[in-house]
């Protein structure tokens with residue numbers, strides 16, 4: 001687990017904690033790391049989970065399959081992203097499938113004890129406070145994305161997504177983790193319409209792209225980075 005110390009310490013769930021405090025919690029929460037191969041499913045729809053986790057390596061797709069068997073990409077998790085918080089707390093069955101896009105390692109831990117029982121330990125109180133902030137931010141992000149699918153154009157959705165990737169990478173040149181179809185699914189837009197919009201943006205001198213590689217040019221309008229709590 002020492003190999004991934006930086007990823008774990010930087011996660012908002014452990015904000016304000018030092019290495020020793022995090023190690024103490026990991027022991028209490030019976031933390032363990034599991035490896036998964038590409039295309040494998042580790043959590044499936046209607047399953048109940050007791051653990052939450054943090055992606056340490058690889059990519060994870062969160063997918064929903066509708067009544068017609070059509071797969072919709074809900075989210076993409078990269079190293080440092082967490083998963084399962086709400087479902088491990090509520091014990092509600094999953095309504096999505098968690099699929100490995102790229103060979104992955106995930107840190108799992110069971111925090112249900114501190115959620116279900118009265119807590120007085122300052123370290124556990126701090127964890128619960130951090131967990132509340134993480135859940136609040138995820139809820140806000142999901143609500144915003146849902147609203148954007150109704151009110152924003154294909155170009156605006158592309159601009160928001162690519163701007164977010166730009167902010168994450170901190171560079172005008174960056175590679176996104178999605179292929180064209182996955183990107184269209186993630187943005188809830190038609191693939192051909194999205195491809196046409198990307199071509200227009202390139203013709204207008206806003207960006208240059210090839211497959212998953214993008215470069216913002218000076219004329220590209222960049223959506224502001226979301227403020228961290």
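The values are calculated or read from the model by the stated rules, or taken from the named source; none is laboratory data. Computed from a predicted model, the values in this text were never measured in an experiment. We place every Cβ from the backbone using ideal geometry, glycine too, and count neighbours over all the protein chains shown.
A few notes on this one:
A quick yes/no check of all residues on (1) surrounded by 13 or more Cβ atoms within 10 Å (Cβ to Cβ); (2) within 25 Å of residue 133 (Cα to Cα); (3) out of contact with any helix residue (DSSP H, G or I) (no Cβ under 8 Å at 6 or more places or on another chain):
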residue	(1), (2), (3)
28	yes, yes, no
32	yes, yes, yes
40	no, no, yes
46	no, no, yes
49	yes, yes, no
71	yes, no, no
84	yes, yes, yes
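- The C-beta contact set for region 106-117 (first residue assigned by TED's automatic domain parsing to the domain that holds residue 41, second residue part of a helix (DSSP H, G or I), distance under 6 angstrom, 6+ apart or interchain) comprises 114/124; 115/89.
- When region 1-26 is filtered for residues that are more than 24 Å from residue 133 (Cα to Cα) and buried (at least 19 other Cβ atoms within 10 Å of the Cβ), nothing remains.
- Test for residue 144: is it modelled with pLDDT of 90 or more, out of contact with any helix residue (DSSP H, G or I) (no Cβ under 7 Å at 6 or more places or on another chain) and outside any loop (DSSP other than H, G, I, E, B): no
- Entry remark, region 1-44: residues being within 28 Å of residue 95 (Cβ to Cβ), in contact (Cβ under 8 Å) with a residue 60 or more places away in the chain and not in a helix (DSSP H, G or I) number 14 in total.
- Of the residues making up region 169-188, those that are surrounded by 13 or more Cβ atoms within 10 Å (Cβ to Cβ) and assigned to a helix (DSSP H, G or I) are 169, 180, 182, 183, 184, 185, 186, 187.
- Entry remark, region 91-105: residues being closer than 20 Å to residue 32 by Cβ and either outside the structural domain of residue 23 (by TED's automatic domain parsing) or surrounded by 19 or more Cβ atoms within 10 Å (Cβ to Cβ) (or both) number 3 in total.
- Selection of region 118-141 for residues being part of a helix (DSSP H, G or I), without any contact (Cβ under 8 Å) to a residue 24 or more places away in the chain and over 28 Å from residue 75 (Cα atoms) yields 122, 125.
- Criterion (assigned to a strand (DSSP E or B) and over 23 Å from residue 18 (Cβ atoms)) met by exactly one of 98, 87: 98
- Residues in region 189-227 that are in contact with a strand residue (DSSP E or B) (Cβ under 8 Å, 6 or more places away or on another chain) and not in a helix (DSSP H, G or I): 206, 207, 208, 209, 212, 213, 214, 215, 216, 217, 220, 222.
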